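Below you'll find the structure, written out as structure tokens, and then a few comments.
The values are calculated or read from the model by the stated rules, or taken from the named source; none is laboratory data. Computed from a predicted model, the values in this text were never measured in an experiment. Cβ placement follows ideal geometry from the backbone for every residue including glycine, while neighbour counts extend to all protein chains displayed. Ligands, DNA and RNA are stripped out before the accessible areas are found, and what is left, the full protein with its side chains, is counted by its heavy atoms. Shrake-Rupley method; radii C 1.70, N 1.55, O 1.52, S 1.80 Å.
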Amino acid sequence: MPLVLEFLSGSIQGEKRFDGKLVRIGRDPQGEVAFDFQKDPAVSFNHAVIESANGRYELRDLGSTNGTLVNGKKISRHFLEEGDLVAFGLAGPQVKVCLGEGLSVSAERAGATKILVLDRPKLRLEVVRGQGEGKKFAFELSPGRVVRLGRERNNDVAFFEPPSPVVSRYHAELTKSGEGLFLEDVGSTNGTFLNGKKVSGRTAVKNGDRIALGNNGPELAVGLEMPVPPAPGKPPVKKKPVLVLSIAGGALAVLVILLIALFSSGETEKADGASSASVEENGSLKDEDFAFVQRRVKELSHALGEDSSKVKPSFISVVIEQIHHTEKMGDIPILLGKGPLYLPEAQRALKKKKLPPELAYLAFIESKFNPVAKSPSGAVGLWQFMIPTARDFGLKVDLQRKIDERTDPVKATMAAAEYLNFLIRDRGSAFKAIASYNTGQGSVSRASRKVEDYLSHGDYFYLSQKGFIPQETRDYVPRFLAAAILYTDPERFGFSQ
């Protein structure tokens, strides 16, 4: 039974068939699935492996930094089933599992079955003038996807060989948000132009538009394939893949095309019986909701001592996607139900250290308010301490004597306040401290050293925008902000405490 992986996002595109007994997955170029180390930083060097045994395929995480998820849940081992969605890191590349002889897309042999995916937005960029003329790029526009354009090699569209004198190191960004694609200049020297007009702020992009990086810089033609939204007042149509079955038999070929469209209900029920009011089924927010989230993010940033003027629309889009993700995972009832049990104690501990009480929402992001939660990497408790860090901040851990104060919510919360106090003092920023809590103390420090003008551009927003910190960490701060917004304004999203 062959295994086919359909790559939905990340540096690998299309579908691949595997007939061997072992599929090694990671950034190791010797592996059967080798992701690009720059474009997929959430993937570990040796991330996971799929092994065939007794007619089944078993997926195993190899102690990766960001974990392996199947259908949204972290796993250590899992027997793959038809249609499973596997993510290598929460914000990492995703694949869909196809099992069986009839599911390979290969056209090399007769009788192959082909799966065509409908309604998946795609972006195609072609350099039509200037440096790199003729080069073509293609991207799948997953929710919150940011396509970066600039002179540095780690941009998605990079003009680095030779370095362009017109294009800035990090020049502009294209961001998928809701049902649209938006262009934004990110502080370039020579400006970004859309159809000859210099852009300022967040500007919508459509099929056929021309983007110029600098007044006389490279020009790119936009090819945009977006799904058609449902008509107002009608329930959205959920389309299944088109299944094309070809059977070769001499000069005769039989082609059968099956298309099934199922109408989903117009209202999604939540776990607590409430239904979403503002969060629409197609995953987009209304304009007034975007403005509301933007206002709340700036308020929270200010409360945490960050410069709220540096909050860009592309960052708001990521926060909105994290709101959708929290809702999709069914975690909002947990946040609202357990929050009153754990947040007050955490806020009191933080206030004693003269820290912003908003940092208490990290407990939800880390453990979903589970005092005995344990991660695949060995982090334990409400605040997910590893043993060395727990001991450094006063928690007793002696597994042989069955002593583990990481599972004591009161003691662990006090230790977390101490740890956050240390991180904020060391990093000089609440957001950089939050990022360090996720990725480790050294990662953010190393990222800061990559910045040439640290006094002007050493803040979290710059490090995140330029991709100096891992993708999972770039999503971690927005996930924290999403939790704070959902908890303080649940009615806005159709929930009540």
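Summed over region 68-86, the residues that are among the hydrophobic types (A, V, I, L, M, F, W, C), open to solvent by 20 Å² or more (accessible area, probe 1.4 Å) and within 13 Å of Leu99 (Cβ to Cβ) give a count of 1.
Here region 41-63 is the region considered, the condition is being more than 15 Å from Gly89 (Cα to Cα) and part of a loop (DSSP other than H, G, I, E, B), and the residue that is least open to solvent (accessible area, probe 1.4 Å) is Gly55. Filtered by the rule that a residue be among the polar types (S, T, N, Q) and open to solvent by less than 30 Å² (accessible area, probe 1.4 Å), region 293-339 gives Ser301, Ser314, Ser317, Gln322, Thr326.
Within region 345-364, the residues that satisfy the criterion of being more than 28 Å from the chain's Cα centre (by Cα) and without any contact (Cβ under 8 Å) to a residue 12 or more places away in the chain are Arg348, Lys351, Lys354.
Residue by residue, here is whether (1) under 16 Å from Lys328 (Cα atoms); (2) touching a Gly at 6+ places or on another chain (Cβ under 6 Å) holds:
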site: Glu58; (1), (2): no, no
site: Asp61; (1), (2): no, no
site: Thr65; (1), (2): no, no
site: Val70; (1), (2): yes, no
site: Arg77; (1), (2): no, no
site: Glu82; (1), (2): no, no
site: Pro93; (1), (2): no, yes
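A count restricted to region 424-434 and to residues that are assigned to a helix (DSSP H, G or I) and open to solvent by less than 40 Å² (accessible area, probe 1.4 Å) stands at 7. In the condition set (1) of a type outside the set (Asp, Glu); (2) modelled with pLDDT under 80; (3) part of a helix (DSSP H, G or I), Tyr437 is compliant with all but (2).
The number of residues in region 87-117 that are aliphatic (A, V, I, L, M), crowded, with 19+ Cβ neighbours inside 10 Å and at pLDDT below 50 comes to 2. Listed here are the strands (runs of 3 or more DSSP E) enclosed by region 145-242 that have at least 2 residues being at pLDDT below 85 and within 28 Å of Gln322 (Cβ to Cβ): 146-150, 172-177, 180-185, 219-225, 237-239. Only residues that are farther than 21 Å from Gly20 by Cα and touching a strand residue (DSSP E or B) at 6+ places or on another chain (Cβ under 6 Å) were counted across region 47-67, and they come to 1. Look through Ala204, Ala221 and report the one residue that is more than 20 Å from Ser314 (Cβ to Cβ) and hydrophobic (A, V, I, L, M, F, W, C). Only one candidate passes the filter, namely Ala221. Of all the residues in region 1-21, those that are in a loop (DSSP other than H, G, I, E, B) and acidic (Asp, Glu) number 1. Of the residues making up region 406-423, those that are assigned to a helix (DSSP H, G or I), surrounded by fewer than 20 Cβ atoms within 10 Å (Cβ to Cβ) and not aliphatic (A, V, I, L, M) are Thr407, Lys411, Glu418, Asn421, Phe422.
The condition of being modelled with pLDDT of 85 or more and at negative phi holds for only one of Arg401, Arg449, that being Arg401. Val205 meets the conditions (1) open to solvent by less than 20 Å² (accessible area, probe 1.4 Å); (2) hydrophobic (A, V, I, L, M, F, W, C); (3) in contact (Cβ under 8 Å) with a residue 60 or more places away in the chain in every case but one. The failed one is (3).
Within region 475-497, residues that are under 27 Å from Tyr462 (Cα atoms) have Cβ atoms under 7 Å from residues that are open to solvent by 10 Å² or more (accessible area, probe 1.4 Å) and small (Gly, Ala, Ser) in these pairs: Asp475/Ala91, counting only partners at least 6 apart in sequence or on another chain. Taken over region 144-155, the residue count meeting the criterion of being open to solvent by less than 60 Å² (accessible area, probe 1.4 Å) and under 15 Å from Thr192 (Cβ atoms) is 6. Ser377 meets each of the listed conditions (1) surrounded by fewer than 18 Cβ atoms within 10 Å (Cβ to Cβ); (2) among the hydroxyl-bearing types (Ser, Thr, Tyr); (3) part of a helix (DSSP H, G or I) apart from (3). Does region 22-40 include one or more residues that are in a loop (DSSP other than H, G, I, E, B), touching a helix residue (DSSP H, G or I) at 6+ places or on another chain (Cβ under 6 Å) and on the phi < 0 side of the Ramachandran plot? No, region 22-40 contains no residue that is in a loop (DSSP other than H, G, I, E, B), touching a helix residue (DSSP H, G or I) at 6+ places or on another chain (Cβ under 6 Å) and on the phi < 0 side of the Ramachandran plot.
Looking only at region 41-50, decide whether some residue is touching a residue at least 60 places away in the same chain (Cβ under 8 Å) and within 18 Å of the chain's Cα centre (by Cα). Yes, region 41-50 has at least one match.
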